[in-house]
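Participant: One structure, as structure tokens, below. Some questions next.
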Amino acid sequence: MIGLALAGQARAAPRVLSLDQCADQFVLALSPREAIVGLSTRADDPDSRLRALAKGLPLRRTTLESALAVRPELVVRYWGGDPRFVAQLQQRGARVVTIEDASDFDGVRANVRRVAAALDRRPQGEAVIARMDARLARSNRAWRGATALYITPGGFTGGQGTLVHQILISAGLAPTSPGPGYQPVSLEQLALKPPRAVVLGFFDSFMLANNHWGMGRHPVMQRLAAHRTVASLPGAMLGCPDPSAAEAVEILAARAPR
């Protein structure tokens, strides 16, 4: 009986193809496995948060030949596939749902609901949102307004209008940044007036890449990372406008002084 129920579920769900690593996270979280006809070739990379769920599922290159071979009914994308490629899929009958950029958690909720609706998995989408909101509620204001600078190995920070800015605020931190959006941080300024606390982002993938030339290798940055880091957030929680951002908030909150 269970096998028949699963088979029925797979027939009811649209055959879904994901075109990039961010779309993978939504498809893996929301679609029945039996309906997934393809994930991106980065679905099992170290910086793919749900890479464990990708095991055993087909990984496909973003080519028209590869896509048409599996006859997708629904295609999910964030940045994958250029406009011509997407138009060709639509001309052949596939629905395409595009994940939007998000600068706050309302934007993340909208993305989850958009993909869940396309998959006809609204209850599963609401369950994902409920888990995200529970993480945010547990983490709310943990740092009580302490200041911190977010910084990447390339020397960039995220100001107003970025999701990482909202991540810090949701954990109760007051982000310090030179302006809105993604902005470069002056190495000289870091040396002359180091921030009281730093939140590192993407340093895990930076170390895996063994990058010897990035700003993250500079002695000034190394001293800050060694002595003033309150948390190092993995790239898998920062690279996509999805609910993993709430996991980053939870990590930050766990490091707050009690």
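Values quoted throughout were computed directly from the atomic coordinates according to the rules given, and no laboratory measurement underlies them. None of these values were measured; they are calculated from a predicted model. Cβ atoms come from the backbone with ideal geometry, glycine included; neighbour counts cover every protein chain shown.
This table checks each residue for (1) farther than 16 Å from Pro241 by Cβ; (2) aromatic (Phe, Trp, Tyr); (3) out of contact with any Lys or Arg (no Cβ under 7 Å at 6 or more places or on another chain); (4) without any contact (Cβ under 8 Å) to a residue 60 or more places away in the chain.
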| position | (1), (2), (3), (4) |
| --- | --- |
| Asn111 | no, no, yes, no |
| Gln124 | yes, no, yes, no |
| Arg131 | yes, no, yes, no |
| Thr147 | yes, no, no, yes |
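Conditions tested, residue by residue: (1) surrounded by 15 or more Cβ atoms within 10 Å (Cβ to Cβ); (2) among the basic types (Lys, Arg); (3) on the phi > 0 side of the Ramachandran plot.
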| residue | (1), (2), (3) |
| --- | --- |
| Gly172 | yes, no, yes |
| Gly181 | no, no, yes |
| Pro184 | no, no, no |
| Glu188 | no, no, no |
| Arg223 | no, yes, no |
| Val230 | yes, no, no |
| Glu250 | yes, no, no |
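Participant: Would you check which residues across region 91-101 are among the aliphatic types (A, V, I, L, M) and either farther than 15 Å from Gln25 by Cα or in contact with a Phe, Trp or Tyr (Cβ under 6 Å, 6 or more places away or on another chain) (or both) and list them?
Facilitator: The answer is Ala94, Val96, Ile99.
Participant: To continue, here is another question. Residue by residue through region 13-72, note down the ones that are under 19 Å from Val115 (Cβ atoms), basic (Lys, Arg) and part of a loop (DSSP other than H, G, I, E, B).
Facilitator: Result: Arg15, Arg42, Arg49, Arg60.
Participant: Also, I was wondering about something else. Restricting the search to region 90-117, which residues are assigned to a helix (DSSP H, G or I), more than 15 Å from the chain's Cα centre (by Cα) and surrounded by fewer than 22 Cβ atoms within 10 Å (Cβ to Cβ)?
Facilitator: If we filter region 90-117 for residues that are assigned to a helix (DSSP H, G or I), which is where we start, we get 90-91, 105-117.
Narrowing further to those that are more than 15 Å from the chain's Cα centre (by Cα): 90-91, 113-114, 116-117.
Correct list: Gln90, Gln91, Arg113, Arg114, Ala117.
Participant: Is it true that Leu149 is in a helix (DSSP H, G or I) and of a type in the set (A, V, I, L, M)?
Facilitator: Criteria not met by Leu149.
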